[in-house]
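This report refers to the structure that appears directly beneath it.
The values are calculated or read from the model by the stated rules, or taken from the named source; none is laboratory data. The structure displayed is predicted, hence computed values, not measured ones. Don't worry about glycine lacking a Cβ; one is built from the backbone with ideal geometry, like all the others, and counts go over all protein chains shown.
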Amino acid sequence: MKRQLQEQAIRPMPAARPLAEGQRAEVMEVIERLRALPGALLPILHGVQDALGYVPPGAVALIAAELNLTRAEVHGVVTFYHYFRTTRPGRQVLQLCRAEACQALGAAALERHAKQRLGVDFHGTTADGRYTLEPVYCLGNCACGPSLMLGQELHGRVSAERFDALVGAAS
Amino acid sequence: MSVRIYIPRDASALSLGAESVAAAIAAEAQRRGIELRVTRNGSRGLFWLEPLVEVEAATGRVAYGPVRLEDVPGLFDAGFTEGARHPLRLGPTEGIPYLKRQERLTFARVGLTDPLSLDDYLAHDGCRGLRNALAMAPADIVKAVTDSGLRGRGGAAFPTGIKWKTVLGTESAQKYIVCNADEGDSGTFSDRMIMEGDPFVLIEGMTIAGLAVGATQGYIYLRCEYPHAHRALNAAIAAAYARHCLGADVLGSGRRFDLEVRLGAGAYICGEETSLLESLEGKRGQIRFKPPLPAIKGLFGQPTVINNVISYATVPLILDRGAEFYKEYGMGRSRGTLPFQLAGNIKYGGLVEKAFGVTLRELLYDYGGGSYSGRPIRAVQVGGPLGAYIPAAQFDAPMDYEEFAKIGGMVGHGGLVVFDDTVDMAAQARFAMEFCAAESCGKCTPCRIGSTRGVEVIDHLVAGQQPEKQEALLRDLCETLTHGSLCALGGLTPSPVLSALNHFPEDFRKARIGAAA
C-alpha cells in the first residue's frame, strides 16, 4: 500500500490531453447553451456525450474550469453514472438487458451468445469498430424479453437468431 | 371515405415491429387506393398481442394482433379496414377479456387516444381535475388527495396527501415539484406507458401538485434508458406550453407552473428520492441522511414534493371525480387501483390495472395465463429487484400493502417477474447481491462492502465450503444490511436473498447433493 502511494507520488496521474480544437468548440457550445440551468452539470455531460459519443478526459478539465468546479468533482460525477463513458464507443452502442425479467427468459444465454458473436466482453468494442457492447439494468420492456437497445431502437423477444440478424443488418 | 386505424407507438410495441408494420400498412393502403388516417396511440398493455392494430369500424374499435409484417397483405385481402373476419381478428378491443376485467382509472386513456394530441386529451376528460383545482384553496386540494387514500405508487406507499401537507405548511419563496421517473426496477413499465401513452395526465397531475403546495417549478427526472418517453414528454410539454396549460398563466388563471425534463444517467440508486435530488442538482447520486425530509429541505434546499409518475398521474382523476370515487376501490388501507405489470416468463405479459385486493394467483393465471415457457411457475419476484421471491404456496396472498407484507413480500410498484421451474434460486440470490454491489452509491458501509461480501459468501455456500457456517454468516450479513444501511437499496437487498434461501434451500445445496450422489 505504502509502496503504491510512493509510486503514485513519483508518477502522478498524467494531465489529461487537451481537447482537439473541433471537440473543444463543441464542448464549449454545449456549456454555453446549458450553463444557466440550475444543476447544469448532468445536462452538460449529456450534451457532450450526445455530441462526441463520450466525455473525453480533456472535456472534464474544461467543464470544471467553466463551471467553477474542481476536476475531481466533475470526474466524480462522470464516473458515478454508468451511462457516461470516457472512451470513444463503436459506431453503435448495443445495450443488453441483464435484469431479472429478461433473465427469466434466457438473458444469460443471450449474453453468452452476444459476447461470442461479437468477440468482446461487456464495455468492449468490436474489432471492426461497429459495436460497443454494454450491459443495462432494465429497458422497461419486461413483458417482451429478452431485450436489447441498438442505438435508440428497442428490440424485444431477441433470440440468438434475431440477434445475429440485427447485428448483421445494422451498420 | 377514409378509415381510421390505430397502431401503437409505445416502445414495447415498437420492439416487436410496430414501426415496420405501420409502414407496410401505409404502403399497402396506398397501393390499393384506400385512404387511411393513422393514429399512433399508446399501448393497451396487452403485449403478447403487439403490434396490436385497431380499426375504427361502424360498431366501434376492432382489434387485430399480433400483426407481423407478412400478415399485412392478407389483412387487406380480408377487408380488415372494415373490421372483417381474419385469423388475427380479436373482436372489439374493449371486449377482450384481459382488458374488460380491469379497472382502468389511471390508465383510462392509455391506448385509446393520440398521446401527443392535446385536443384528444381534452376530448377524453383531460384537464377537468386541473380546472377544479384552480377553483379550490390549496388546503382543499391537499385534503382531497389525502381523503382519496392515495399512497406513493413508486413503492414506498407513503400517503401522498401527508407529503403535500408538509410542503404546503413549510414557508419558502421557492418550492419544487419533482417527479421520480427513474423507473429502474426490473419488471416495471407502467411509468413508461403513462409517459409514452398519456403524457398530458402526468403534466396535469404535477401542475395540480404545484397549485396545492405553492410551487411554480417542476422537474421530471427521467431515466436515460427511456428515449421514447423522453421524446413524448418533451413534445407534450411543448404542446402544453403552446396552449397555456403550462407557463405563466395556467388555463388563464394567472397562476404559474413551469415544467422541464431532466435525464438521469444509468444509476439505479437515483430512484431513491434523496439520491435523485442530488443528481438533479448536478452531483453524484449519493443518498442524503434523513431528516431533514425532502418535504422540508429538498431540491436546492427548498421544500419539495417528490412523487412517482403513477402517483401524479392519478391525481387529476381524484380532483375530477372526487376522493370518494377513488376510495371506493381497494381494500384495507390500500385504496384505489394499482397498475400491476406482468413480466418475465409469463404467457400473457402486460399491464393489469386492478383495485387492491386481487390475488397473485389471479394475476398470474387468470390474466397471465401461466408461464411463457409452458412450464410450472416456481417463483415470482414482486416489487422489483429488492422485492422478495414468492413461492407457489403463497400465491393466494392478496395484493394489499399490509396483507402482502405479512408474508414477507412488498407490493412496491406492482411489478411481477415470473420464473419457471428452470430457475436457479441461488443464482438469483447471488444476482441480488451483485446488483447491490454494482449500484451502491457507496455512502454507507453495509451496502458498499456487505454486498460484495454477500456475493462471496453465497459462492462459498453454493460450493459447499463449510455450508452451515456460510449460511449463518449470510444471515448475519443480511441482518447488518437490513438494519445498518442508510436507504432501501442496502436495506432491502436481503429480501430477495433471504426469501430465496428460506423458500428454496435446495438450490443452495446442489453442489453438495451432486457430490454425495
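One residue stands out among those in segment B:44-61 that are away from chain A (no Cβ under 14 Å) and surrounded by 24 or more Cβ atoms within 10 Å (Cβ to Cβ): the one that is nearest to B:ILE25 (Cα to Cα), which is B:VAL53.
Being touching an Asp or Glu at 6+ places or on another chain (Cβ under 9 Å), in a helix (DSSP H, G or I) and more than 14 Å from chain A (Cβ to nearest Cβ) is a property that does not hold for B:ASN41. Summed over segment B:44-70, the residues that are farther than 25 Å from B:PRO115 by Cβ and assigned to a helix (DSSP H, G or I) give a count of 1. Of the helices (runs of 4 or more DSSP H) contained entirely in segment A:40-154, those carrying at least 2 residues that are surrounded by fewer than 19 Cβ atoms within 10 Å (Cβ to Cβ) fall at A:41-52, A:57-67, A:71-80, A:107-118.
When B:GLY187 is tested against (1) away from chain A (no Cβ under 14 Å); (2) in contact (Cβ under 8 Å) with a residue 40 or more places away in the chain; (3) not in a helix (DSSP H, G or I), exactly one condition is not met: (1).
Scanning segment A:117-131 for residues that are closer than 26 Å to A:LEU52 by Cα and more than 14 Å from chain B (Cβ to nearest Cβ) yields A:LEU118, A:GLY119, A:VAL120, A:ASP121, A:GLY124, A:THR125, A:THR126, A:ALA127, A:ASP128, A:GLY129, A:ARG130, A:TYR131. Close contacts from segment A:98-116, counting a first residue that is more than 17 Å from A:CYS142 (Cβ to Cβ) and more than 9 Å from chain B (Cβ to nearest Cβ) and a second that is in a helix (DSSP H, G or I) and among the aliphatic types (A, V, I, L, M), with Cβ to Cβ under 7 Å and a gap of 6+ residues or different chains, come to A:HIS113/A:ALA160. If you go through segment B:249-272 and pick out every residue that is crowded, with 24+ Cβ neighbours inside 10 Å and basic (Lys, Arg), you end up with 0. Residues that are outside any helix (DSSP H, G or I), within 34 Å of the chain's Cα centre (by Cα), of a type outside the set (A, V, I, L, M, F, W, C) and surrounded by 16 or more Cβ atoms within 10 Å (Cβ to Cβ) within segment B:433-472 comprise B:SER440, B:LYS443, listed in sequence order.
Identification of strands (runs of 3 or more DSSP E) wholly contained in segment B:296-367 with 2 or more residues that are farther than 20 Å from B:TRP164 by Cα yields B:337-344, B:350-355. Taken as a whole, the condition of being among the aromatic types (Phe, Trp, Tyr), within 12 Å of chain A (Cβ to nearest Cβ), under 20 Å from A:GLU100 (Cβ atoms) and not in a helix (DSSP H, G or I) applies to B:PHE419. Residues that are part of a loop (DSSP other than H, G, I, E, B) and either within 17 Å of B:PHE107 (Cβ to Cβ) or small (Gly, Ala, Ser) (or both) within segment B:10-38 comprise B:ASP10, B:GLY17, B:GLY33, listed in sequence order.
Summed over segment A:13-30, residues that are within 24 Å of B:GLY264 (Cα to Cα) and either crowded, with 19+ Cβ neighbours inside 10 Å or in contact with a Pro (Cβ under 7 Å, 6 or more places away or on another chain) (or both) total 3. Condition check for A:VAL77 on (1) aliphatic (A, V, I, L, M); (2) under 25 Å from B:ASP10 (Cα atoms); (3) within 12 Å of chain B (Cβ to nearest Cβ): one failure, at (2). Among residues of segment B:288-304 being within 12 Å of chain A (Cβ to nearest Cβ) and over 26 Å from the mean Cα position of the chain (by Cα), the one that is farthest from B:ARG448 (Cα to Cα) is B:GLN302.
Of all the listed residues (B:ALA388, B:ALA405), the sole one being of a type in the set (A, V, I, L, M, F, W, C), out of contact with any Phe, Trp or Tyr (no Cβ under 9 Å at 6 or more places or on another chain), at pLDDT 95 or above and surrounded by fewer than 20 Cβ atoms within 10 Å (Cβ to Cβ) is B:ALA405. Looking across segment B:228-237, the residues that are free of Cβ contacts under 8 Å to residues at least 60 places away in the same chain and over 17 Å from B:TYR121 (Cα atoms) come down to B:HIS230, B:ARG231. Looking at (1) more than 14 Å from chain B (Cβ to nearest Cβ); (2) among the small types (Gly, Ala, Ser); (3) under 21 Å from the mean Cα position of the chain (by Cα), which is the one condition that is false for A:ALA160? Against the list (1) more than 14 Å from chain B (Cβ to nearest Cβ); (2) among the small types (Gly, Ala, Ser); (3) under 21 Å from the mean Cα position of the chain (by Cα), A:ALA160 comes up short only on (3). The single condition from (1) touching a residue at least 12 places away in the same chain (Cβ under 8 Å); (2) part of a helix (DSSP H, G or I); (3) more than 17 Å from B:GLU19 (Cβ to Cβ) that B:ASP77 fails is (1).
Applying the set (1) assigned by TED's automatic domain parsing to the domain that holds B:GLY152; (2) within 29 Å of B:ALA438 (Cβ to Cβ) to B:PRO316 leaves exactly one unmet item: (2). Screening B:GLY285 on (1) in contact with a helix residue (DSSP H, G or I) (Cβ under 6 Å, 6 or more places away or on another chain); (2) small (Gly, Ala, Ser); (3) farther than 30 Å from B:LYS443 by Cβ shows it passes everything except condition (3).
Here are B:THR113, B:THR39, B:THR106: which of them is over 22 Å from the mean Cα position of the chain (by Cα), buried (at least 17 other Cβ atoms within 10 Å of the Cβ) and within 29 Å of B:ILE318 (Cβ to Cβ)?
Criteria check complete, one pass: B:THR39.
Residue-wise test of (1) over 16 Å from the mean Cα position of the chain (by Cα); (2) of a type in the set (Asp, Glu); (3) within 14 Å of another protein chain (Cβ to nearest Cβ).
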| residue | (1), (2), (3) |
| --- | --- |
| B:ARG256 | yes, no, no |
| B:TYR268 | no, no, yes |
| B:GLY271 | no, no, yes |
| B:GLU278 | yes, yes, yes |
| B:ARG284 | yes, no, yes |
| B:LEU319 | yes, no, no |
| B:PHE325 | yes, no, no |
| B:LEU342 | no, no, yes |
| B:LYS354 | no, no, no |
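For segment A:46-71, a residue qualifies if it is more than 7 Å from chain B (Cβ to nearest Cβ) and within 22 Å of B:PHE300 (Cβ to Cβ), and the qualifying residues are A:GLY47, A:ILE63, A:ALA64, A:GLU66, A:LEU67, A:ASN68, A:LEU69, A:THR70.
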